[in-house]
Amino acid sequence: MTDLKFKPGKAVDSVRAMRRGAWAVAEYRLFSMSKWMGSMISFGLGNPIIYLVSIGLGIGALVDANTGGQGIDGVSYIEFVAPALLATAAINALQDEVTFPTMQGFVWDKMFFAMNNTPITARQIANGIMTTATIRGIFTVILYEAVLLVFGAIPLSSALPLFLTSIFAALAFGAAMLAVTVRIENDTTLFAIIGRFVIAPMFLFSGTFYPLDQMPIYLQWIGWISPMWHSTQLGRFLSYGMPLELWQLAMHAIFLATVFVIGMLFAYPKFESRLQK
Amino acid sequence: MTSDMIIAKDLKKVYGDFVAVDGINFTVKQGESFGLLGPNGAGKSTTMKMISSVSKRSSGELTILGKDPDKFGPEIRAHLGVVPQKDMLDRELKTWENLYTYGRFFGLSRKFLKPKVEELLAFAQLEEKRNDKVEELSGGMQRRLAIARGLVNEPEMLLLDEPTTGLDPQARHILWDRLFRLKEQGVTLVITTHYMDEAEQLCDRLIVMDKGKIMAEGSPAELIKKYSSKEVVEVRFGTDKNAQFADQLKKLADRIEVLPDRILVYTSHGEQTLEKISAQGMNPVTSLVRRSSLEDVFLRLTGRTLVD
């Protein structure tokens, strides 16, 4: 048996604690994530390799052969699809890191309530979760791009622009998912529904595999409201110069920024009210 | 120097139409061990959440460590240790990792936390379990870990919400010992409980709560003296027969309480009263003479028992 010896109330510098609150949450999440680093790396590498093989050797070869080697927009099919594939990978990464930790924090082991008993505020918890999710997204996109570069699927000059556009897409989608997840009391089947009825259509109907205007007009709206399409358009413009007007560029960027801001603004008050209970 | 750690005046918490805490007043001094005793739903946990500076009050005044928690929640929380009713541990992390990561939430450095984690593991008698995941620990161990975690920031005041609910007697006694050591060191303790023995063991002073209000306040001894007799004789005549002896028993006692399964006879001299009961031809199936407890105080104040 050992006694604790301390002078109560002297250890903590409350100003420092309050300042670094969001980062403390992110650090904690990264600490937890480091436990499955191996599977994150293998998934991060395996996913693009599977897509490359299936699209590059399968669909890509077919499209490129049928367009007389012109591909789409004058680039190979894989280069056309790359911005969308990267955005999807980033979106999936953020989706995982936003939804499950939020459920864990509020419902499963209620760690958010324990965190909120420290100097950490509700808003800092939300920011910390988003920060970690973004780090996971960055990690995923870097791995994905490394594979694309190694296989010569995209030129090096596209790496930075596509990195940015895919992370923007994921931030917008992640913030929206955070606002949704914080409102779920205990029903995880909603994630399956979101997967099937939001993410899958978004992936298929956002001009991922062909230009959106190939779709009948009554289906194009799915692309218009999807962060995926806006990010993919930006990525195509920045990576290989797909023609876009200035107003279109601005619209895509503003759309993504707006979804992100609205998502966070809807998430914060619910984080606060739930932790008050 | 003695200062007030908590000052509550007309403190109220309302959820919609439901008044959870209904205008309570109390003060907790530095180094004191203060209890909130009451049955489930009395408003203890709600009061505790307001003291923890996470739940805002609906009205009234509240000062924690000299500050208003509505304005200075994070500053106050930096110096509080909170042991919630549900442990809220990260079940996927190891024992030591739970202490370490929680310490980081207070902005504590790795250098500070390294020896601190070991010290806390020793205090909670969890050294051998340091590398076990939380889900592998017993209920008592998880509770000790939650208490150790609440101490990682060397708090001025430790708040414990139902610290031993659901634990076996041995685990409870280990916990009481740990808490008693903290109290000896001058850590202010605030404890909610619905166990009268726990309140008697740990609290210098307590408030008895029921339906959001304070029914009585004082030290366990004062409350017993004020609201109960020195001793109690518990007699059982059988469920159907208890009531029929009530009138006869009343004449032998200061006061009686007829419960569904037994009659409590309040008296200064238990053994003598029991002898008189037998002498009058009443032969209970079982009988027991004991000292008065806070349970009796609660029964007197509310007409109900603490644990249903």
The range B:166-184 - residue that is away from chain A (no Cβ under 11 Å) and buried (at least 16 other Cβ atoms within 10 Å of the Cβ) and, of those, farthest from residue B:85 (Cα to Cα): B:183
Residue match in the range B:205-216 (condition: open to solvent by 50 Å² or more (accessible area, probe 1.4 Å) and more than 18 Å from residue B:39 (Cα to Cα)): no
Matching option when the condition is under 24 Å from residue B:223 (Cβ atoms), open to solvent by 70 Å² or more (accessible area, probe 1.4 Å) and in contact (Cβ under 8 Å) with a residue 24 or more places away in the chain, among B:255, B:262, B:291: B:291
Single residue of the range A:16-27 satisfying the filter (within 10 Å of chain B (Cβ to nearest Cβ) and open to solvent by less than 10 Å² (accessible area, probe 1.4 Å)) that is modelled with the lowest pLDDT: A:17
Any helices (runs of 4 or more DSSP H) falling wholly within the range B:83-159 and containing at least 2 residues that are touching a strand residue (DSSP E or B) at 6+ places or on another chain (Cβ under 7 Å) and facing chain A (nearest Cβ under 10 Å): B:139-150
Any hit, the range B:56-64, residues being at pLDDT below 95 and within 21 Å of residue A:21 (Cα to Cα): yes
Options B:111, B:116, B:133: the member that is free of Cβ contacts under 8 Å to residues at least 12 places away in the same chain, at negative phi and basic (Lys, Arg): B:111
All positions within the range B:253-277 that are over 16 Å from residue B:296 (Cβ atoms), touching a Ser or Thr at 6+ places or on another chain (Cβ under 9 Å) and at pLDDT 85 or above: B:274, B:277
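Are any residues in the range B:64-75 in contact with a helix residue (DSSP H, G or I) (Cβ under 8 Å, 6 or more places away or on another chain), more than 7 Å from every other protein chain (Cβ to nearest Cβ) and surrounded by fewer than 21 Cβ atoms within 10 Å (Cβ to Cβ), and if so, which ones?
Passing the criteria: only B:67.
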The listed residue being open to solvent by less than 30 Å² (accessible area, probe 1.4 Å) and away from every other protein chain (no Cβ under 14 Å), out of A:67, A:99: A:99
Residue match in the range A:5-15 (condition: surrounded by 15 or more Cβ atoms within 10 Å (Cβ to Cβ), facing another protein chain (nearest Cβ under 7 Å) and either more than 29 Å from residue B:3 (Cβ to Cβ) or modelled with pLDDT of 90 or more (or both)): no
Residues of the range B:1-49 classified as loosely packed, with under 15 Cβ neighbours inside 10 Å and in a loop (DSSP other than H, G, I, E, B), total: 7
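Suppose we filter A:46, A:56 for residues that are closer than 30 Å to residue A:84 by Cβ and surrounded by fewer than 17 Cβ atoms within 10 Å (Cβ to Cβ); which single one remains?
Every option except A:46 fails the conditions.
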Residue that is more than 14 Å from chain B (Cβ to nearest Cβ) and surrounded by fewer than 13 Cβ atoms within 10 Å (Cβ to Cβ), where the choices are A:233, A:248, A:214: A:214
Filter result (within 30 Å of residue B:58 (Cβ to Cβ) and part of a helix (DSSP H, G or I)) within the range B:200-226: B:202, B:223
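The values are calculated or read from the model by the stated rules, or taken from the named source; none is laboratory data. Quick caveat, the model's predicted, so the values are computed rather than measured. When we count neighbours, we look across all protein chains shown, and the Cβ atoms used for this are built from the backbone with ideal geometry, even at glycine. All accessible areas refer to the heavy atoms of the entire protein, side chains included, with ligands and DNA or RNA removed. Shrake-Rupley method; radii C 1.70, N 1.55, O 1.52, S 1.80 Å.
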